[in-house]
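Notes follow the structure.
Computed from the coordinates by the stated procedures, all read-outs in this text should not be read as laboratory data. Everything numeric in this text was worked out from a predicted model, so none of it was measured. For neighbour counting, all protein chains shown are included, and Cβ atoms are generated from backbone atoms with ideal geometry for every residue, glycine included.
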Amino acid sequence: MLASCIALLGIGLLVLLISKKENRKSRLYRSVICFSGVVFSYCALYFVFFFRDMVLHYYSVGMPLRCVDYILDSAITFFWLRTIGCIYEKHEGSRMNRIMLWAWVCSVLRSVTGVISAVFLLDEYYALKYQSIVSAYLVAEYIIVLVSTLVVAKYSIDSLRATLTRNSKFYIGIVSTLIVFWELQQNIVDTGLYIGKYISAWSIGIVDSTAPIVFIIGVVSFVYIFREDFSPLYYSVRSENNNDQETDLLEITAIQHKLTDRELDVMRLVYEGKNNPEIADALFISRNTVKKHLQNIYEKTGVNSRMELVYVINMSSGEKKHS
């Protein structure tokens with residue numbers, strides 16, 4: 001049931017992203033669609049493994065599937081780090097310079113070692129063929145996983161300390177925590193497989209966290225998409241009306257909610273799709289000041305995100321007609 005829900009979330013997310021033609025050249029768009037696609041692909045592979053084990057009782061795994069398993073696992077870390085960097089860049093206006101370097105290092109290292117292991121060192125049950133290398137292999141595996149989790153944790157903390165929106169921080173915090181926990185648990189399971197303790201990840205008596213974790217990642221991604229940060233991928237924040245009508249809507253909203261002149265200036269730039277650094281540059285104020293103005297605007301208008309604010313502004317046209 002969870003696998004079916006995950007599949008529906010993955011398909012829905014990919015269809016929505018692919019169907020939107022705007023912003024296809026943006027780093028954020030490419031990052032989101034790649035991360036979503038990799039998570040969905042891993043979910044599909046996971047379902048295949050589960051079906052083979054629990055329904056067909058066919059526990060052996062061919063070399064191609066083992067290689068795909070390792071590549072997709074490393075790709076999730078890579079594209080998540082890339083997504084963190086794009087979210088940071090969107091709000092801060094600058095890149096986390098080293099994040100992509102570490103993303104490439106972790107991804108390539110894990111992919112290469114995984115494929116080499118799948119081809120030369122592991123049998124069809126993920127057990128090591130040569131007992132003489134078990135200790136060395138496990139140490140190397142632990143180091144690679146530890147480095148990957150530390151990199152995810154480090155850049156997640158850096159992002160949480162930045163002046164991101166509450167929704168962005170919540171999204172990064174939840175997904176990063178899940179990925180780190182998932183990696184650590186999978187390392188424990190893999191250890192048992194490598195030493196030949198069991199032939200299936202579902203036969204060890206440990207609750208497998210993969211399905212619920214991927215499910216939660218899908219859910220919070222949907223929530224985040226529709227609340228704020230990826231909303232420009234789904235609709236144009238600029239009204240189709242002319243500039244005079246847009247200005248009229250903004251002024252009506254400002255009067256209705258008792259916004260100050262400076263808050264109106266900030267709201268106008270938000271309506272035009274500007275991020276916090278761009279607003280700060282346009283108004284010659286600091287980013288923290290922009291953030292404070294936004295918090296005041298959200299409080300006065302009763303919203304929690306840019307998308308909801310745009311909706312409130314557009315709804316002013318209906319209220320204007322009735323007045």
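Across the stretch 32-167, Cα pairs under 8 Å and at least six residues apart give a relative contact order of 28 percent. The SER132 and SER286 beta-carbon pair, evaluated with R₀ = 56 Å, returns a calculated FRET efficiency of approximately 0.40.
Here the spin labels are modelled as points 7 Å beyond Cα on the Cα-Cβ line, and at ALA140 and ALA44 they lie 3.1 nm apart. Classify the stretch 94-182 as rounded, prolate or oblate, taking a ≥ b ≥ c as the square roots of the eigenvalues of its Cα gyration tensor: rounded when a/c is under 1.5, otherwise prolate if a/b is larger than b/c and oblate if not. It comes out prolate by the Cα gyration axes. A full extension of the chain between GLU251 and ILE188 corresponds to an added length of 16.8 nm, given 0.36 nm per residue minus the alpha carbon distance.
Taking 0.36 nm per residue of sequence separation and removing the Cα-Cα distance, the GLU272/HIS57 pair yields an extension gain of 71.7 nm. Converting phi to 3J(HN,Hα) with the Karplus coefficients 6.51, -1.76 and 1.60 and the offset θ = phi - 60°, the stretch 50-60 yields 4, 5, 4, 6, 8, 9, 8, 6, 10, 8, 6 Hz in sequence order, with x at every glycine or proline. Measuring against 25 Å, Cα to Cα, the residue pairs LYS258/LYS292; LYS90/LYS291; LYS90/LYS258; LYS90/LYS154 contain LYS90/LYS258 as the ones spanning a longer distance. A full extension of the chain between GLN295 and LYS154 corresponds to an added length of 48.0 nm, given 0.36 nm per residue minus the alpha carbon distance.
Taking the Cα centre of the stretch 61-152 as reference, the dipole from Cβ charges on Lys and Arg (+1) and Asp and Glu (-1) amounts to some 260 debye.
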